[in-house]
Amino acid sequence: MKIVDHIKNANGKTLFSFELLPPAKGQGIQSIFKTMDELMEFKPPFIDVTYHREDYLYKQHVSGLLERVAYRKRPGTVAICAAIMNKYKVDAVPHLICGGFTKEETENALIDLNFLGIDNVLVLRGDARKGDPDFVPTPGGHAYATELLQQVVDMNSGKYLHEDIESSAKTDFCIGVAGYPEKHFEAPNFNTDFKWLKKKVEMGAEFIVTQMFFNVEKYKEFVTKCRDHGIHVPIIPGLKPLTTKRQLITLPKIFHLDIPEELSEAVENCTTNADVRQVGEEWLVEQCKELIKFGAPVLHFYTMSNPGPTKKIVERLA
């Protein structure tokens, strides 16, 4: 079922959904199943599975020369989605990214997803490769999320890359995109960032999932601005509890977000990570209560495949 239909069928009730990381290369799927087993009691209508682009490692030969080898640390998104849908009978939402794929490879992936009966995709540009100062497109691939979005929209219309394909079957993906209540870090200003978000919706995006945030007012302002400018698709807040002091540094650095002073001071005053987890839990529970009251259609938790902290929070809300 499509995300928009899950939301419609909920009749105003706020749903819970979760995002998982594929296991690292060489590890089995049991870690995914273990996480899912702990979260299924909350009846999530869908589960997101992230995708990680290729990275490089340097292999040293006997001669002393270094060879740069491309590899993926976390492969298997499509297979994991299929396994989740088969085992748990919930919808899986694979992330599609620009980096690491040619247009042909993207088309083939979308064909496979369609064959598997996967109805939803989340379209993202993706991060820069580790070590690269900026995002570098894969030769023959897409440079921007709008380009990737257009390819999915085209396939929904029966338009494939090669015009010699006759009687092309139309796909029917429900397409999600990312939204940034605090502005994408590469955008020169919020209005420019918002302009591109509106373009994505006009192109065919049917729902928005936000970057994580710790200030509910930012989400409310973001939703209000969207509605005032004719964006009426569901806007799903992305959420994550603070669990360590170090995250006061790493989360703003990696995700370019703001941590409210009240929260950062409370975490700084903690003496153990157990104390931090308690502070983070209380803060996010209050965030969730405000979001439910505001009418958020879904609370989407970035679990990082560590279900414990998220489970404690959802138990207090369910």
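Bear in mind these aren't lab numbers, they're just calculated from the coordinates by the rules spelled out. These numbers were taken from a predicted model, which means no experiment stands behind them. Cβ: placed from backbone, ideal geometry, glycine included. Neighbour counts: every protein chain shown.
What separates the Cα centres of segment 89-131 and segment 181-231 is a distance of 22 Å. About its Cα centre, the dipole of the chain is roughly 440 debye, where the only charges are +1 on Lys and Arg Cβ and -1 on Asp and Glu Cβ.
In segment 3-316, the DSSP beta bridges split such that about 20 percent are antiparallel, to the nearest 5. The Cα-based radius of gyration of segment 5-162, divided by its Kirkwood radius, gives an Rg/Rh of 1.02. Per-residue extension of 0.36 nm, minus the Cα-Cα distance of Asp132 and Lys59, leaves a gain of 24.4 nm for this segment. By the gyration tensor of its Cα atoms, with a ≥ b ≥ c the square roots of the eigenvalues, what is the shape of segment 125-210: rounded for a/c under 1.5, prolate for a/b over b/c, or oblate? Note, shape of segment 125-210 comes out oblate. Can you find, among Gln287, His232, Gly308, the residue farthest towards the positive end of the dipole of the chain? Put +1 on the C-beta of Lys and Arg, -1 on that of Asp and Glu. Toward the positive end, the furthest listed residue is Gly308.
Other residues within the sphere of radius under 10 Å centred on the Cβ of Lys312, judged by their own Cβ, net out at +1 (K and R +1, D and E -1). Close amide H contacts of Thr138 (hydrogens built in the peptide plane, cut-off under 5 Å, sequence separation of 5 or more or a different chain): Gly100, Phe101.
In summary, the convex hull built on the alpha carbon positions of segment 262-316 has an orientation-averaged projected area of 4.2 nm². Placing R0 at 30 angstrom, the Cβ-Cβ distance between Ala274 and Leu317 gives a FRET efficiency of 0.90 after rounding to 0.05.
Note on segment 1-108: antiparallel DSSP beta bridges, both residues inside, total approximately 45 percent of the bridges counted. For the chain, the 222 nm mean residue ellipticity estimated from helices alone, with every DSSP H stretch of n ≥ 4 adding -39500 (n - 2.57) and the total spread over all residues, rounds to -12500 deg cm²/dmol. Under 5 Å from the amide H of Leu20 lie the amide H atoms of Asp48, Val49, Thr50, each residue being 5 or more positions distant or on a separate chain, with H modelled from the backbone and absent for Pro and chain starts. Taking other residues whose beta carbon is less than 12 angstrom from the beta carbon of Met212, and scoring Lys, Arg as +1 and Asp, Glu as -1, yields -1.
Start at zero, step by 10 Å, and the Cα-Cα distances of the chain spread as 5, 25, 35, 25, 8, 2, 0 percent across the bins.
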